[in-house]
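Contents: one structure, followed by commentary.
Here, each number is a calculation from the coordinates, and none is a lab measurement. This structure is a prediction, so every number in the text was calculated from the model and none was measured. As a convention, Cβ positions derive from the backbone with ideal geometry for all residues, glycine included, and neighbour counts pool all protein chains shown.
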Amino acid sequence: MKKIVWISVWMGLSGSAFAAIDTNALLICAPSRYTECTPSGCEQVSSAAINAPRFITIDVKRKRMESLQGGANAISKPDHIERIDGKLILQGVEDGVEGVRDGIGYSIAIVEDNGDMVLSAASEGVSFSAFGACTNLP
C-alpha cells in the first residue's frame, strides 16, 4: 500500500507542470536543485548536505508544513500566508536548535496554475534557494 501511495505521489509530481493545483487542499512539495550562497560565492548542494527536507506537506487550512524526509524541523507553522498574482506565498521563521545561532527566515512561492515552487531562506551569513514542484496528495 505504501509503495502505491508513493508511486501516485511521484506521478502527481511529475505531471504537476501541466495541471492546476488546489492550494486549499493538502499539498506535497519536492524541493530540489538546492543552492547555498555565502559571501564567498554560491554552489549547488544536496538536501542532506544542508539538512533540508526532501518532501514537504503543506496544509494551508491548518497553517502547517511538515517535513517527510530530512530537515532540522519536522513541523513549521508559517507566520504569513497570502495568495497574490496566482501564487500561494508562505513565509515564516524557525529558531532551529535551542542555544545555537541557527535561526532562519523562509519564503515559499507556489504557482497555482502548475505547481512550480521556489523556496528561499536566509540566516546568518548564508542563504539557500531551491526550485521544485508541488501537487495535491491523492
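Structure data summary
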| quantity | calculated |
| --- | --- |
| Distant-in-sequence amide H partners of ALA52 (H built 1.01 Å from N, under 5 Å) | GLY71 |
| Estimated distance in nm for a label pair at ASP95 and ALA49, the labels positioned 7 Å out from Cα along Cα-to-Cβ | 3.1 nm |
| Anisotropy class of region 26-98 from Cα gyration tensor, a/c 1.5 cut | prolate |
| Amide hydrogen neighbours beyond the local backbone of ARG64, cut-off 5 Å, H modeled | ASP59 |
| Extension gain from SER120 to ARG83, taking 0.36 nm per residue of separation minus the Cα-Cα distance | 11.6 nm |
